[in-house]
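Okay, structure first, notes after.
Throughout, read-outs are computed from the coordinates displayed, never taken from laboratory work. Quick caveat: nothing in here was measured; it's all calculated off a predicted structure. Using ideal geometry, Cβ is built from the backbone for each residue, glycine included, and neighbour counts are taken over all protein chains shown.
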Amino acid sequence: MSSIPILSLIQTNLIRYGTLVVLIFGFVGNIGVVYLFSHHHKNGCALYLLCAALFNIIYLSVSIPYGLYVLDNFDPSSSSLYVCKSRFFFFHVWGQVSRYFVILACVDRFLLTHRNATIRNFSHINKTRILIVISIIFWHVFPIHIFIMTTIQNGRCGYFGLYYILNSVYTLIFVGFLPPILMVIFGYLSFRNVSQMRTRIQPSGTTITNHQGNAIQQKDRSLLKMLLSEVSVYVVTMSLYPIILLEISLTNSMNIQKSPQRSQIENFISFLSLFLIYLNTSAPFYIYFVVSKSFRHDVRESFKKLYKFILRK
């Protein structure tokens, strides 16, 4: 029995039901992250993760409903050039902004835990806010080539010709390889710094009591633990994407003739890699809940407040 109809059926069901589940849990979870981290808006790492959750909400709320719609209806991107360009451009931008905020959160933990006071001072919240604005602007400008070069050919929206190869190289670097490499590097350096710390080191010009220092240290350690756990999940869920992208890009650029079965297998693995990316954008809240005792405490307290609020009504 051919595997083509089986893979097609699995892919269709994953789109119809799997992505819907991811959307529901991802939307609720990221809303929870935004709410809980909004109470720590003066902490650079928490603010980066809050902003990442905001863009996860936007990304999931638009990309998944669009995919569900075109599953049973006409795809507007195959006839409207503006929809075609906007779809590829904005889905890419929102995903990039979110994942690079996680990178910046790793950098922030590295700066904060560094033994050099001058370097630690770069973790100031004002610098964090500036970097957030710069990052959002940058990722709406840097990949503008996607909006310009994406087009429609033979009723299909996508990348064609030389730009197909160039975009594949760009995607491999800035989506497939650079984010996990930077996350792992700065995550490891942060973990090493914390492991080497004997006492809490404060930025120059500040003094705190031991009790306050221990509390702040515990909060920062908890954030680092949550962040490193998220990075670990990201690396695992993202590992398939650059592999299949590289394989498809190389074989297509070499004009290798593929059987219908091989093409279907490639399409299925490509979809599966994108589905794992959806899982990644939906997972932060649940990762934090599993690994962090303080986060679970904050969640319970929030539910208590919500329960009391409902009772007053």
Inset, instruction - Calculate, in nm to one decimal, what Leu166 and Ile134 gain on full extension: separation in residues at 0.36 nm each, minus their alpha carbon distance. - result: 9.0 nm
Inset, instruction - Taking only the C-alpha atoms, wrap a convex hull around segment 94-204 and report its volume per residue in Å³ as a whole number. - result: 101
Inset, instruction - Find the cysteines in the chain that fail to meet the 4.7 Å Cβ criterion with every other cysteine, and list them. - result: Cys45, Cys51, Cys106
Inset, instruction - Restrict the search to segment 49-135; then list the chymotrypsin sites (Phe, Trp or Tyr not before Pro) that DSSP places in a loop and that have at most 11 other Cβ atoms within 10 Å of their Cβ. - result: Phe74
Inset, instruction - Report, in debye and to the nearest 20, how large the dipole of the chain comes out about its Cα centre when Lys and Arg carry +1 and Asp and Glu carry -1 on their Cβ. - result: 1340
Inset, instruction - Would you work out which of Met226, Leu81, Ile256 lies farthest towards the positive end of the dipole of the chain? Charges go on Cβ: Lys and Arg +1, Asp and Glu -1. - result: Met226
Legend entry - Shape parameters for segment 227-306, alpha-carbon atoms, Rg then Dmax in Å: 19.0, 61
Legend entry - Volume per residue that the Cα convex hull of segment 1-60 spans, once the total is divided by residue count, Å³: 78
Inset, instruction - Assuming R0 = 51 Å, can you tell me the calculated FRET efficiency for the pair Asp72 and Ala117, based on Cβ-Cβ distance, to the nearest 0.05? - result: 0.30
Inset, instruction - Could you tell me how many degrees, from 0 to 90 and to the nearest 10, lie between the Cα long axis of helix 19-37 and the main elongation axis, the longest principal axis, of the Cα atoms of the chain? - result: 20
Legend entry - Loop trypsin sites (Lys or Arg not before Pro), segment 58-145 (other Cβ atoms within 10 Å of the site Cβ: 13 or fewer; DSSP): Arg115
Inset, instruction - Assign unit charges at the C-beta atoms only (+1 for Lys and Arg, -1 for Asp and Glu), then state the dipole size of segment 75-204 relative to its Cα centre in Debye, rounded to the nearest 20. - result: 580
Inset, instruction - State the extension gain, in nm to one decimal, for the chain segment bounded by Ser239 and Ile31, taking 0.36 nm per residue of separation less the distance between their alpha-carbons. - result: 72.2 nm
Inset, instruction - Mind putting together the pair-distance distribution for segment 1-152? All Cα pairs, 5 Å bins, whole percent per bin, short to long. - result: 2, 9, 14, 15, 15, 14, 11, 8, 5, 3, 2, 1, 0, 0
Inset, instruction - For Leu276, put the label point 7 Å out on the Cα→Cβ axis and report which residues of segment 21-59 keep their amide N under 19 Å from it. - result: 22-23
Legend entry - Surrounding net charge for Cys84, when Lys and Arg each add one and Asp and Glu each subtract one, Cβ distance under 11 Å: +2
Inset, instruction - Grab the eigenvalues of the alpha-carbon gyration tensor for segment 24-113, scale each by 5, take roots, and send me the semi-axes largest first in whole angstrom. - result: 32, 15, 8
Inset, instruction - Compare the Cα positions of Ile134, Val175, Leu20 along the charge dipole of the chain (+1 at Cβ of Lys, Arg; -1 at Cβ of Asp, Glu; about the Cα centre) and return the one farthest towards the positive end. - result: Ile134
Inset, instruction - Could I have the simple spin-label model distance between Phe289 and Lys305, label points 7 Å from Cα toward Cβ, reported in nm to one decimal? - result: 1.8
Legend entry - Taking the convex hull of Cα positions in the chain, its mean projected area over all directions (nm²): 20.3
